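Colleague: The structure that follows is given in the form of structure tokens.
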Amino acid sequence: MGFVLLFALAACGSDGTALERGRAAFAAGDLRTARVELMNALQAQPADSEARLIHAQILLALGDGIAAESELARARQTGIAAERIRHLLAHARLLQRDPEGALAQSAGAVPPHLAYAARIRGRALMALGNNEAAAAEFDRAIALGPGDSDVWTDVARFRRAGGDVGGALQAADRAVAARPRNVEALVLRGELTRSQYGLIAALPWFDRALGVDAEHVTARLERAITYGDLGRMTEMLADAREVHRITGGHATAYYLQSVLAARARNFALARSLYNRTGGAFDSTPAGMLLLSAIDFETGNVEQAAGRLAGLVARQPGNRKARRLLAAAQWRMGDSTAAALTLRAVVERPDADSYSLTLMGRILAAQGDAAAASRYLARAAQPQPDALTALEALPEGEFAALREAAVAHPGDGPLQVRLVSALLARGLGEEALARARAIQAANPGAPEAHMLVGDALGIGGDFAGAADQYRRAANLAFSEAVALRLIEALQRSGQVEAADQVLELFALQNPRNVPGQVLLASRMMQRQDWAGAITTYESLRSRLGENDATILNNLAWAYSESGDFDAALPLARRAWALNRNNPATADTLGWILFKSGADRAGGLALLERAARGAPSDAEIRQRLERARRG
């Protein structure tokens, strides 16, 4: 079925050698070789209608709808009946972003092309936002072509777009099984694997795809993205350059190179590379965030703040955008706006240390030392709580939310908000029942299992929560799922299992900051000072010298390993960044005292730390030891 349908056709008098080589290359998934061979065949026999059809299919596989439609018109001129190419014309129209035209063309399709036409209609209806009708067309395509790899590939994309990750995984596996050299299916399975298991696990899928077609642009870009997320920058750059060679210059490859330059803090180069994208990412959240980071680091703070404000308005839950916007507002001297921007982040139980530290500094500058100390104390914790944030609503808003959720049972975000609000009111049984109903209706959605886990965890059933998070992790081993699972395992006494999950997540996602911070914290707890130093130094090289928590913990690890020369400047820097945090005062004070560099100054800092954290037994013990001399 699909693209291989015409392979059995005879050469029909054309240059048989070139045509057969082209057919063989197409069957093997080597599209560019196939195109060259078909062009040679057509040059020798321009009136060969079957060669025209095969060439059109190759162009469709390459994503060139305009050229494919032109080739199909030539095929018609050579005598091909219109009904034989309706499904291909529909595909060409879809590639030209004309879903209505695709629907019109596909209506005239005839056997044996009905499965092909149905999947194109499904894609067209997706583009028009009619997912219910799209689902019906994809069901029809499966019924007509149950062994068609292209059908299952499109079904997998549709299910993934609808949040049915489990269904998408099953469909992608069917697509690969039906045609193991289907590059589109291999790339999609790689993308799904990247979310399901992690970055390293995804690479073999992209490698397989490139083994079939070394010049497949999407496969190479997805592998480059994965290499970048792994921190394997040399390999990422090699793939990006190869994409440029294949395409003559590709916007996504320039974007990836710009990200690489920004990570290396070469912001002038990052801007230059970004400019070569031709504005392709200007309206995307990723592009807006990258441009804003470049502006922020190069002194264009107001420009960054303006763009970020627009992004936060579009995506209120985008934490990266909120953090950077708050930092820009803080740098501009608008502490009130910065605090307001950060509020949605820091009030969550899983708030990151940077946001909490910045909020603490803002409140300290505003004169609210008590509130500042609470946020700074949370920032010093090695692992934030991972359970869902509760939404406490006034009675009127809560009643309106419940009424809306009852009226719109299919609105997932609305149902999730209601569960959160119910938990905030202590209505745990109703919240859990609603969460389980969402789960039953969406068994392939990892978020549904996470929601049940959150409801169980907040109710104190951490073992039950861990089981639900495992179900979510089998579909998508994301940061949110991993951190929840680790916390639930810890709280249910399964410490070894928690450590195994953490190590696996850190291995698959070596650049994930919360995962690496948590891993380093575990090393500190085990007194693995060398491992903690290596991990914290890696974080320090990436995040710079402005994360007080990382610097403070790194200083402690160096001091415990006996390297006071390395520890002392780090402790001083951490304390300078966060003077109101008892943890930084404790670390610097203890290192000054223990090293003998300034025993009196160290004692004063330890007393300050004890006043700031009167319930911290370890700080109190170090103070008493220092007082005894």
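Colleague: Among the listed residues Ala219, Ala240, Ala261, identify the single one that is closer than 19 Å to Arg276 by Cα and buried (at least 20 other Cβ atoms within 10 Å of the Cβ).
Modeller: Working: Ala219 fails: closer than 19 Å to Arg276 by Cα; Ala261 fails: buried (at least 20 other Cβ atoms within 10 Å of the Cβ).
Every option except Ala240 fails the conditions.
Colleague: While we're looking at this one, here's another question. Answer with yes or no whether Leu308 is out of contact with any Leu (no Cβ under 8 Å at 6 or more places or on another chain), closer than 16 Å to Ala327 by Cβ and either in the same structural domain as Leu62 (by TED's automatic domain parsing) or free of Cβ contacts under 8 Å to residues at least 40 places away in the same chain (or both).
Modeller: On the way: out of contact with any Leu (no Cβ under 8 Å at 6 or more places or on another chain): no; closer than 16 Å to Ala327 by Cβ: yes; either in the same structural domain as Leu62 (by TED's automatic domain parsing) or free of Cβ contacts under 8 Å to residues at least 40 places away in the same chain (or both): yes.
No.
Colleague: Can you find a residue in the range 5-21 that is at pLDDT below 90 and crowded, with 22+ Cβ neighbours inside 10 Å? Spell out how you get there, then give the answer.
Modeller: The first filter runs over the range 5-21 and keeps only residues at pLDDT below 90, leaving 5-20.
Next, from what is left, pick out any that are crowded, with 22+ Cβ neighbours inside 10 Å: 14, 19.
Checking the range 5-21: at least one residue is at pLDDT below 90 and crowded, with 22+ Cβ neighbours inside 10 Å.
Colleague: Follow-up. Please tell me if Ala304 is crowded, with 19+ Cβ neighbours inside 10 Å, of a type in the set (Gly, Ala, Ser) and over 30 Å from Phe26 (Cα atoms).
Modeller: Working: crowded, with 19+ Cβ neighbours inside 10 Å: yes; of a type in the set (Gly, Ala, Ser): yes; over 30 Å from Phe26 (Cα atoms): yes.
The answer is yes for Ala304.
Colleague: How do the helices (runs of 4 or more DSSP H) wholly within the range 242-300 filter down when requiring 1 or more residues that are assigned by TED's automatic domain parsing to the domain that holds Gln329: which remain?
Modeller: Ranges flagged: 285-297.
This table checks each residue for (1) more than 15 Å from Leu358 (Cα to Cα); (2) surrounded by fewer than 24 Cβ atoms within 10 Å (Cβ to Cβ); (3) in contact with a strand residue (DSSP E or B) (Cβ under 7 Å, 6 or more places away or on another chain); (4) among the charged types (D, E, K, R).
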site: Glu537; (1), (2), (3), (4): yes, yes, no, yes
site: Arg542; (1), (2), (3), (4): yes, yes, no, yes
site: Asn546; (1), (2), (3), (4): no, yes, no, no
site: Leu554; (1), (2), (3), (4): yes, no, no, no
site: Ala557; (1), (2), (3), (4): yes, no, no, no
site: Ser561; (1), (2), (3), (4): yes, yes, no, no
site: Asp565; (1), (2), (3), (4): yes, yes, no, yes
site: Leu568; (1), (2), (3), (4): yes, yes, no, no
site: Ala576; (1), (2), (3), (4): no, yes, no, no
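Colleague: Separate question: Of the residues Val155, Val165, Val187, which is touching a Ser or Thr at 6+ places or on another chain (Cβ under 9 Å), assigned by TED's automatic domain parsing to the domain that holds Phe26, within 27 Å of Glu447 (Cβ to Cβ) and surrounded by 17 or more Cβ atoms within 10 Å (Cβ to Cβ)?
Modeller: Working: Val155 fails: touching a Ser or Thr at 6+ places or on another chain (Cβ under 9 Å); Val187 fails: assigned by TED's automatic domain parsing to the domain that holds Phe26.
Only one candidate qualifies: Val165.
Colleague: For the range 405-458, give me each residue that is closer than 30 Å to Ala172 by Cβ, acidic (Asp, Glu) and part of a helix (DSSP H, G or I).
Modeller: Matches in the range 405-458: Glu447, Asp454.
Colleague: Take the residues in the range 60-98 that are of a type in the set (A, V, I, L, M) and more than 15 Å from Ile120 (Cβ to Cβ); name whichever of them is surrounded by the most Cβ atoms within 10 Å (Cβ to Cβ).
Modeller: Here is the first cut: in the range 60-98, the residues of a type in the set (A, V, I, L, M) are 60-62, 66-68, 72-73, 75, 80-82, 85, 88-90, 92, 94-95.
Next, only the ones that are more than 15 Å from Ile120 (Cβ to Cβ) stay: 62, 66-67, 73, 75, 80-82.
On the way: Leu62: 18, Ile66: 11, Ala67: 18, Ala73: 14, Ala75: 23, Ile80: 17, Ala81: 11, Ala82: 12.
Here the residue is Ala75.
Colleague: Test each condition in (1) closer than 23 Å to Ala185 by Cβ; (2) modelled with pLDDT of 90 or more; (3) part of a helix (DSSP H, G or I); (4) not charged (D, E, K, R) for Gly63 and report the one that comes out false.
Modeller: (3)
Colleague: For Ala369, only one of the following conditions fails: (1) crowded, with 16+ Cβ neighbours inside 10 Å; (2) in contact (Cβ under 8 Å) with a residue 60 or more places away in the chain. What is its number?
Modeller: With respect to (1) crowded, with 16+ Cβ neighbours inside 10 Å; (2) in contact (Cβ under 8 Å) with a residue 60 or more places away in the chain, Ala369 is out only on (1).
Colleague: Hey, another quick one. Answer yes or no: is there a residue in the range 486-508 that is within 24 Å of Pro316 (Cβ to Cβ) and either assigned by TED's automatic domain parsing to the domain that holds Arg402 or of a type outside the set (Lys, Arg) (or both). Show your work before the answer.
Modeller: Restricting attention to the range 486-508, the residues satisfying the condition of being within 24 Å of Pro316 (Cβ to Cβ) are none.
Scanning the range 486-508 turns up no residue that is within 24 Å of Pro316 (Cβ to Cβ) and either assigned by TED's automatic domain parsing to the domain that holds Arg402 or of a type outside the set (Lys, Arg) (or both).
Colleague: If you don't mind, there's one more thing I want to ask. I'm trying to understand the selection: among the residues of the range 440-465, which are within 15 Å of Gly493 (Cβ to Cβ), surrounded by fewer than 24 Cβ atoms within 10 Å (Cβ to Cβ) and touching a residue at least 12 places away in the same chain (Cβ under 8 Å)?
Modeller: Passing the criteria: Phe462, Ala463.
Colleague: Within the range 390-403, track down each residue that is surrounded by fewer than 14 Cβ atoms within 10 Å (Cβ to Cβ) and either among the charged types (D, E, K, R) or not in a loop (DSSP other than H, G, I, E, B) (or both). Walk me through it before giving the result.
Modeller: Initially, the range 390-403 is screened for residues surrounded by fewer than 14 Cβ atoms within 10 Å (Cβ to Cβ), giving 392, 394-397, 399-400, 403.
Glu395, Gly396, Glu397, Ala399, Ala400, Glu403 - these are the residues of the range 390-403 that are surrounded by fewer than 14 Cβ atoms within 10 Å (Cβ to Cβ) and either among the charged types (D, E, K, R) or not in a loop (DSSP other than H, G, I, E, B) (or both).
The values are calculated or read from the model by the stated rules, or taken from the named source; none is laboratory data. Keep in mind that this is a model prediction, so the values were computed, not measured. FYI the Cβ positions are ideal-geometry reconstructions off the backbone, even for glycines, and counts take in every protein chain you see.
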